Amino acid sequence: MTRGLWTRETVAALMLAALMPLALFWLWTSGLAGAMGLTFAIVIIGVWHLVFMLVRAQPPSLSALITALAIAMLAPEELGVFRLALGVSFGVVMGELVFGGWGRNVVNPATVALAFLGFGFPSAPWPAFDAPIAWAAIPAAVLGAALGIMPFALIVAAASVAAAALMLGLLTEPVLFAAGIGLVLLVADPVTSAATGLGRVLNGALYTLFVVFFAAGWSGAAPVQITVASALLASLAAPLLDDIAIQVWVSRRRRRHGRA
Amino acid sequence: MARRPDVWRVLTEPLIRQNPVTLQILGICSALAVTTTMATALTMAVSLTVVLTLAAGIISSIRRHIPDSIRLIVQIVIVASLVIVIDQVLQAYLAEISRALSVYVGLITTNCLVLGRTEAYARHHPPLPAMVDAFGNGLGYSLVLLIVGGLRELFGKGELFGVVVLPLADAGGWFTPLSLMLLAPSAFFILGLLVWAIRSWWPEQAEAPEHVPPGRAEAAE
């Protein structure tokens with residue numbers, strides 16, 4: 001074990017373990033339809049991982065299962081096999097594999113796939129989540145943060161802003177549930193979320209602020225649609241937030257020590 | 001005078017090998033904006049090719065009389081005059097398509113492809129090769145525009161040139177249109193995939209990597 005325990009696959013496996021409460025509970029409530037959707041997404045993503053392994057020698061990753069779970073849970077319903085396959089392929093290839101595989105992607109492939117499906121087929125209805133499934137997101141977040149896989153600061157920041165918004169009556173329950181599941185599945189991702197302490201706080205807060213903003217001003221949007229749009233924008237902003245955090249640090253050093 | 005450049009090579013080089021859109025990434029703005037249907041893409045492609053060829057010919061024939069310090073102004077005046085003529089012709093004979101193209105015909109004036117060819121080629125070559133080069137570049141631009149426009153119209157509406165190719169599910173067929181294809185981002189995706197495909201086919205077109213990944217620390221056992 002000369003390279004240590006923490007390889008990319010360790011992170012993916014622990015991430016999967018952290019998401020297990022949510023995944024198993026969702027599978028239990030959604031039954032056969034959910035299991036079939038999940039299997040379908042895993043097969044499509046697996047095929048693409050295989051193609052990129054053969055063509056570009058990129059090792060396949062367990063993260064395919066995480067992406068498949070997020071897509072199967074949050075994708076619009078009644079799409080049919082062909083359109084779902086198109087959306088999943090687009091998200092996985094353009095969001096992750098062309099950049100060199102999991103760990104080098106800029107945005108979460110599941111977010112890209114869901115945004116593609118949402119914008120491409122606006123008439124398809126989005127899934128809705130009941131309270132129990134949303135509650136299952138809490139142990140997932142706690143496990144992820146405790147294992148050091150999900151950014152703790154991001155989750156705390158997102159939760160505090162959500163609590164503040166709830167106090168002010170800006171968040172309704174369905175939106176809160178969808179946003180909580182989206183936080184665990186899409187936003188608190190070790191690869192594409194911000195990587196600095198301050199950046200993570202800002203990233204989590206920004207995600208919830210987007211959710212609140214869309215919930216208030218986007219008429220006719222489904223809760224999951226709001227979540228996906230917020231996750232996409234928040235992950236696109238993550239490098240900027242990291243840069244802000246680094247600039248703050250640099251300028252503080254300069255003030256303290258007089259030079260760079 | 002140097003050896004006469006091979007006219008056929010000058011004409012065919014910009015089609016794929018030196019394609020102005022996919023290799024030099026010039027003229028992207030209009031290529032993305034007007035490709036929702038084949039009709040607008042074709043009109044735009046023809047307009048640009050005509051303007052580019054004529055402008056190259058005119059500029060090349062007066063290339064020894066243009067003072068260097070004001071050459072951009074002269075070039076833009078010539079291009080803009082041609083664009084206005086084309087715009088008037090389109091408004092007169094193809095009013096509907098002209099409305100669909102809106103400002104983009106007028107923006108041919110500032111299309112970097114036009115200025116790039118006149119600045120880089122027409123200023124240094126006699127009129128005939130300059131016009132051939134401009135025509136070839138216009139064809140290369142047209143090719144990309146028609147590919148992108150064809151894909152977007154086919155998958156966004158199930159039509160080509162307004163003729164139903166894939167019968168829509170609403171009208172009793174089987175095809176459900178991808179409404180994303182009619183939005184601007186899809187043009188980005190298609191163009192990006194096109195560039196990717198071309199550069200995988202001809203790897204010499206790919207740019208040199210900006211960063212070199214650090215060497216992997218292999219275990220020294």
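The numbers here are math on the coordinates, done by the rules we state, and not lab data. None of these values were measured; they are calculated from a predicted model. All Cβ positions, even for glycine, are placed from backbone atoms using ideal geometry, and neighbour counts span all protein chains on display.
For this structure, a couple of remarks:
- Helix runs (DSSP H) in chain B reaching 30 Å along axis by Cα, Kyte-Doolittle at least 1.6: B:38-61, B:71-93
- Extending 7 Å from Cα along the Cβ direction at A:Leu50 and again at B:Trp201 yields two label points whose distance is 2.7 nm.
- Taking each residue as 0.36 nm, the span from A:Leu32 to A:Val106 lengthens on full extension beyond its C-alpha to C-alpha distance by 23.3 nm.
- Charge sum, other residues only, whose C-beta stays under 10 Å from B:Thr36's C-beta, Lys/Arg counted +1 and Asp/Glu -1: +1
- Taking label positions 7 Å along the Cα-Cβ direction at both B:Thr12 and B:Glu159, the computed distance is 3.7 nm, reported to one decimal.
- Panel order for A:Met15, A:Met20, A:Met73, by other beta carbons found within 10 Å of each beta carbon, from fewest to most: A:Met20, A:Met15, A:Met73.
- Inverse of mean 1/r across different Cα pairs in the protein assembly as shown, Kirkwood, Å: 25.7 Å
- Mean-position separation - Cα centroids, the stretch A:99-170 and the stretch A:177-204, in angstrom: 7 Å
- Entry note, chain B: relative contact order of 31 percent, from Cα contacts under 8 Å with a spacing of 6+ residues.
- Sites B:Ala184 and A:Trp249 - FRET efficiency at Förster radius 56 Å, r taken between beta-carbons, to 0.05: 0.90
- Semi-axes of the equivalent ellipsoid for the stretch B:8-205, computed as √(5λ) from the eigenvalues of its C-alpha gyration tensor and ordered from largest down, come to 33, 20, 12 Å.
- Normalised contact order of the stretch A:167-260, rounded percent, pairs of Cα under 8 Å and 6 or more residues apart: 37 percent
- Intensity falloff of chain A expressed as log10 I(q)/I(0), Debye formula with alpha-carbon point scatterers, at q = 0.16, 0.18 Å⁻¹: -1.21, -1.51
- Contact order relative to length of the stretch A:1-90, as percent, for alpha carbon pairs under 8 angstrom and 6 or more apart: 36 percent
- The base-10 log of I(q)/I(0) for the stretch A:73-189, evaluated at q = 0.11, 0.15, 0.16, 0.21 Å⁻¹, reads -0.43, -0.79, -0.88, -1.22 [Debye formula, identical scatterers on Cα atoms, solvent excluded].
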